[in-house]
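The values are calculated or read from the model by the stated rules, or taken from the named source; none is laboratory data. Fair warning: this is a prediction, and the values are worked out from it, not measured in the lab. Cβ: placed from backbone, ideal geometry, glycine included. Neighbour counts: every protein chain shown. What goes into the accessible areas is simple: the full protein's heavy atoms, side chains included, and nothing from ligands, DNA or RNA. Shrake-Rupley method; radii C 1.70, N 1.55, O 1.52, S 1.80 Å.
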Amino acid sequence: MKEFIKLIEDEIKAAFKAAGFDEKYGSVTVSNRPDLCEFQCNGAMAAAKEYHKKPIDIATAVSEQLSDCSMFESVSAVMPGFLNLNVTGEAVATYANNMANTEGFGVEKAGNPRTVILDYGGPNVAKPLHVGHLRSAVIGESIKRLLRFMGHNVTGDIHMGDWGLQMGLIITELNERKPELVYFDDSYEGDYPKEAPFTISELEEIYPTASGKSKEDPAYKEKALLATAELQKGRRGYTALLEHILNVSVTDLKKNYDRLSVSFDLWKGERDADPFIPDMVEKMKADGFAYESDGALVVDVAEESDTKEIPPCMILKSDGAALYDTTDLATLIWRQNDYHPDQVAYVVDKRQELHFVQVFRCAKKTGIVPESCDLKFIGFGTMNGKDGKPFKTRDGGVMRLSSLLDEISEKMEAKIKEAGTMDDEEAKKTADIVALAAIKYGDLSNQPSKDYIFDVDRFISFEGNTGPYILYTIVRIKSIINKYIEAGNSMDDLTILTPDSDSAKSLLLSLTKFEGAVSGAAEEMLPNRLCAFIYELSNEINHFYHETRILAEEDEAKKKSYLAMLDLAKRVLEQSIDLLGFEAPEHM
Ligand code: ARG
């Protein structure tokens, strides 16, 4: 379906043309003075320059062309040359009925569907998932769902950090603790045990211990670097240990991401790029792109137009080890081979922007990806505590994601139990659902690139621009519909009639903005645009609810129309929150 505002614009453009002006002046926007009109067109001001006429005369001439257009209740030309537009109730009601009866609410799929690889999540194996990884997962999941909704072909890849020094550190620490393990015996040629020699909780303790030691003790660090290099060269026992680390970690990661309703199509990591590194390096050298500088192998990526210095891309360290640049470049090789993506988009902390500028330039320059492939960095800001500093636990440590989720679910559970409307089991289930919405909406309602304050008390509030407020609005409609059905009525074949109040019309107008919000959020990769839409829609729903007797309405046709409106609003909200990555409970 064509967007409602575009239908209006078509009429205005046609009127410009009929009045003898170029139709390009007929752009329409939502009014910024809702007290005066619903939509407006300011094109007469610009047209005045071209046609050497007074803007008001142009606006008046255009409005005259529209005097019997069924779309508008009123078209007025006001000084200095605005066109103030109000649509008819019939026009919005017809549009809303079409939305209700069309698959996907009539949103038109993207004209040019893209093959997209979305790189998000990016957890580091063996390190507990912390809040820093929350944003990447939450934003990435929503962008994936939005793009898919618009018809793009998206593959989500978690791109685990599974190939760096942290692996060497864990191996070194295990060696200190259990030197007798067969993995450290060079002469061993048999099969390695299937069972990992550690549990996830041990693993999560081993890494910080090892990392702490390596900072204090240079000899320990040396060992860890050596272990890393040997692992990367394929030492058998270490490779077997790495498999264990990965299995144990991935099992735990999956649990965490499941809890967040975040999923990935590919569970690849930096390690999967390794087989592509040798040939990539050789080719970069042979093509004359890579050269030695201070022992390291680098590729220049600075461009003349740079306003700040962009250092060369580091391909190999002087000891021959691969770096973060290297694995990201080699990862693009298999992505290119297997998927031929039109776009590869990375949802990563914005502090890594320089790294991606270097990698993107190097990948294009050396021909790893064709010029036509769009490499996109979606940098997100920091999640800060109420003190404005990066979010920490009360004792100043790094907050584990699971503890954060537990804490918020518990708070929510207490709140729900206070209301005393459900048994303990349902309260717990509901609390988990609402808590997730609180966290995700708290994040997604901000523009990704901005830092934001993680304010639990605000996020879990049922009032204001919060996830629970949106859910509450949905639950409120569900309960009205349930009552209607329990009274023996059916929700089938309901029709929205011409709105009979301002609040009803505003609600319908708000619904017509769904397509613009969802396609805008997808194309710009800004889920916050969809959040702004559902917040406005929720406000309109609650306003309508307070102004209108719904189930008590005696006129059956009117009552049915109200229910049809609420039902559409509920479905649009449910669709939207699904695109944001959360859901609504039955009761709250
Ligand atoms: N593991 C990285 C980190 O924790 C994020 C990975 C982002 N993706 C990428 N292709 N570099 O910082």
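Principal axis analysis of the Cα atoms in segment 501-588 yields extents of 46, 28, 18 Å, listed in decreasing size.
Of the cross-linked pairs K268/K478; K6/K478; K350/K386, those separated by over 29 Å at the C-alpha level are K268/K478; K6/K478.
Taking one quarter of the surface of the C-alpha convex hull of segment 181-236 gives a mean projected area of 4.7 nm². Figure legend: label point modelled 7 angstrom from the Cα of D68 along Cα→Cβ; residues of segment 1-38 with amide N under 20 Å from it are 11-20. Angle of helix 556-580 to the longest C-alpha principal axis of the chain, folded into 0 to 90 degrees and rounded to 10: 20°. Isolated cysteines in the chain, defined as those with no second cysteine Cβ under 4.7 Å, comprise C37, C41, C69, C373, C531. Running Debye on segment 252-301 with equal point scatterers at the Cα sites and no solvent, what base-10 log of I(q)/I(0) appears at q = 0.13, 0.33 Å⁻¹? Results for segment 252-301 at q = 0.13, 0.33 Å⁻¹ read -0.55, -1.13. From the Kirkwood radius over Cα pairs of the chain, Stokes-Einstein at 10 °C and 1.306 mPa s returns a whole-number translational diffusion coefficient of 58 µm²/s. Note that segment 312-319 has calculated 3J(HN,Hα) couplings of x, 7, 8, 8, 9, 6, 4, 7 Hz, one per residue in order, obtained from phi through the Karplus relation 6.51 cos²θ - 1.76 cosθ + 1.60 (θ = phi - 60°); glycine and proline are x. Per residue, the convex hull spanned by the Cα atoms of segment 386-470 amounts to 104 cubic angstrom. Length gained on full extension, D455 to T421: 9.6 nm, using 0.36 nm per residue less the C-alpha separation. Paramagnetic label reach from D191 (point 7 Å along Cα→Cβ; backbone nitrogen cut-off under 19 Å): within segment 236-264, residues 236-245, 247-248. Please report how far the C-alpha centroid of segment 404-451 lies from that of segment 525-547, rounded to the nearest whole angstrom. Here the answer is 19 Å between Cα centres. For the residue pairs K389/K440; K513/K559; K233/K317, alpha carbon separations beyond 22 Å are given by K513/K559.
How many nm is it between the label spots at K2 and E50, if each spot is 7 Å from the Cα in line with the beta carbon? Once both label points are built, they end up 2.0 nm from each other. Between segment 330-400 and segment 264-323, the C-alpha centres lie 16 angstrom from each other. Per residue, the accessible area of segment 449-580 comes to 40 Å² when a 1.4 Å probe rolls over the protein heavy atoms. The per residue volume of the convex hull around the alpha-carbon atoms of segment 234-368 is 147 Å³. Available extension along the chain between E216 and M79 is 41.9 nm, counting 0.36 nm per residue and deducting the alpha carbon span. Distance between the 7 Å Cα→Cβ label points at D35 and R114: 4.2 nm.
Cross-link pairs exceeding 22 Å between alpha carbons, from the set K364/K450; K428/K483; K285/K365: K364/K450; K428/K483. Its Cα gyration tensor gives segment 430-588 an equivalent ellipsoid, and the semi-axes of that ellipsoid, as √(5λ) in whole Å with the largest first, are 29, 17, 13. According to the Cα-based calculation, Rg over Rh for segment 108-221 is 1.16, with Rh computed by the Kirkwood formula.
Modelled this way, with points 7 Å down the Cα-to-C-beta line, the labels at E23 and D555 are 3.8 nm from one another. Between S263 and T307, full extension at 0.36 nm per residue minus the direct alpha carbon distance yields a gain of 11.9 nm. Compared with the rule-of-thumb size 2.2 N^0.38 Å for a compact globular protein, segment 425-508 has a Cα radius of gyration ratio of 1.45.
Per the Debye formula on identical point scatterers at the alpha carbon atoms of segment 1-93, with no solvent, log10 I(q)/I(0) at q = 0.16, 0.24 Å⁻¹ is -0.55, -1.25.
Among the GluC sites (Glu not before Pro) found in segment 60-142, those both in a DSSP coil and sparsely packed, with 13 or fewer other Cβ atoms within 10 Å of their Cβ, are E108.
Annotation note: trypsin sites (Lys or Arg not before Pro) in segment 115-216 located in DSSP loop regions with a Cβ neighbour count of at most 11 within 10 Å are K194.
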